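Beneath this line is the structure, given in structure tokens, with notes to follow.
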Amino acid sequence: MSTPDWRDVAWDEVARDVDVDGRRVHLVDVDVAGADSDVMVFLHGISASWRWFIEILPAMARTHRVVAIDLPGFGDSEFALKKSSFTALAESVAGVCAELSVRRATVVGHSMGSLVATRLAIDRPDLVGKLVITGGPILSLTGLARSPLQTVRAQPRAVITLLAELMTIGVPLPARVTSVLASSPTLLTLALGPFLAHPERLDADLMTQVMSALGAPGSFPALLSTIRSDPATDLHRISCPTLIIRGPGDPLSPPADVDRFLAAVATASAVEIPGTGHWPHIEKPAEFLAELKAFLRVAP
């Protein structure tokens with residue numbers, strides 16, 4: 001069976017806003033399979049939007065109801081400074097699920113979204129039936145704001161890569177800049193070389209989509225919230241089946257983070273997609289889908 005093309009989906013028709021604690025949260029909600037009781041929730045990384053999963057959603061919508069959320073302060077969702085911690089972001093996801101009458105779901109989180117998904121699995125085990133982490137787990141870097149020198153010594157590459165990312169995460173890119181960047185293999189290599197294995201191979205149309213909402217007011221407050229609390233505490237409380245789909249070249253989630261997660265979460269396992277870095281689902285979507293479907297026991 002061929003993989004559905006994201007270009008064939010009328011995304012405006014499945015986009016909607018819901019109110020969570022007085023704030024507008026934007027999302028897309030696709031249920032072409034009529035699988036209302038079999039739900040997947042997708043959570044993007046820092047500075048990004050629901051479009052980070054735009055190539056994955058159509059394929060999974062064949063068997064599931066798929067909901068991809070712009071986390072508060074990101075994409076087209078409203079920002080509230082007092083609700084920017086990872087615990088608060090996880091509570092917002094739970095609020096979205098309540099608004100959509102979703103009682104249980106497989107939650108897929110990328111990078112920063114993996115921290116939100118992890119927090120949700122810890123705090124709301126009734127809601128998270130299965131957990132999928134990609135571009136993560138992000139564990140070492142959560143200590144950067146509290147213990148900068150120790151974190152730099154332990155994971156210098158991860159810290160340097162994060163600092164490079166910080167140059168753009170808080171400021172939206174103009175559409176013209178995004179278009180030029182997305183269509184140039186050379187510029188993509190310069191911009192994304194620290195994160196990805198082969199940025200020059202990325203599809204220009206896809207990159208225009210996923211980069212269209214880069215830059216978000218919620219980015220820095222989310223990072224700074226780790227001064228007050230570590231979002232990765234109590235990992236041992238995760239009891240649902242959990243899969244890490246990672247790129248062996250991921251600089252932001254080193255093997256030590258994966259080992260720490262697997263040691264703490266008895267129900268977790270990990271797979272690697274060769275030739276990928278921090279964005280396995282974008283760099284090699286077919287391979288990512290194969291691993292995701294195998295974990296969910298969905299026919300290829």
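The values are calculated or read from the model by the stated rules, or taken from the named source; none is laboratory data. Just so you know, these numbers come straight off a predicted model, no measurement behind them. Positions of Cβ are backbone-derived with ideal geometry, glycine not excepted, and every protein chain shown enters the neighbour counts. What goes into the accessible areas is simple: the full protein's heavy atoms, side chains included, and nothing from ligands, DNA or RNA. Shrake-Rupley method; radii C 1.70, N 1.55, O 1.52, S 1.80 Å.
Worth a mention:
- Scanning the stretch 250-288 for residues that are open to solvent by 30 Å² or more (accessible area, probe 1.4 Å) and either farther than 27 Å from residue 3 by Cβ or part of a loop (DSSP other than H, G, I, E, B) (or both) turns up 255, 256, 259, 260, 262, 263, 264, 266, 267, 274, 275, 284.
- Condition check for residue 107: touching a Leu at 6+ places or on another chain (Cβ under 8 Å), buried (at least 23 other Cβ atoms within 10 Å of the Cβ) and over 18 Å from residue 216 (Cα atoms): yes
- Test: residue in the stretch 93-100 that is farther than 14 Å from residue 18 by Cα and either at pLDDT 95 or above or open to solvent by 10 Å² or more (accessible area, probe 1.4 Å) (or both): no
- With respect to (1) open to solvent by less than 30 Å² (accessible area, probe 1.4 Å); (2) of a type in the set (A, V, I, L, M, F, W, C); (3) part of a loop (DSSP other than H, G, I, E, B), the lone exception for residue 79 is condition (1).
- The stretch 195-217, residues that are outside any helix (DSSP H, G or I) and of a type outside the set (S, T, N, Q): 195, 196, 197, 198, 202, 203, 211, 213, 214, 215, 216, 217
- For first residues located in the stretch 89-112 and at negative phi and assigned to a loop (DSSP other than H, G, I, E, B), partners that are surrounded by 20 or more Cβ atoms within 10 Å (Cβ to Cβ) and not basic (Lys, Arg) and lie 6+ apart or on another chain with Cβ distances below 6 Å form the pairs 102/39.
- Close Cβ contacts (under 9 Å, 6 or more residues apart or on different chains) running from residues in the stretch 252-274 that are within 17 Å of residue 110 (Cβ to Cβ) to residues that are basic (Lys, Arg) and not in a helix (DSSP H, G or I) comprise 253/246; 258/246; 270/246; 271/246; 272/246; 273/246; 273/284.
- Test: residue in the stretch 229-238 that is part of a helix (DSSP H, G or I), over 16 Å from the mean Cα position of the chain (by Cα) and either crowded, with 17+ Cβ neighbours inside 10 Å or without any contact (Cβ under 8 Å) to a residue 12 or more places away in the chain (or both): yes
- If you go through the stretch 11-21 and keep only what is open to solvent by 40 Å² or more (accessible area, probe 1.4 Å), under 17 Å from residue 31 (Cα atoms) and either in a helix (DSSP H, G or I) or at pLDDT below 95 (or both), you end up with 12, 13.
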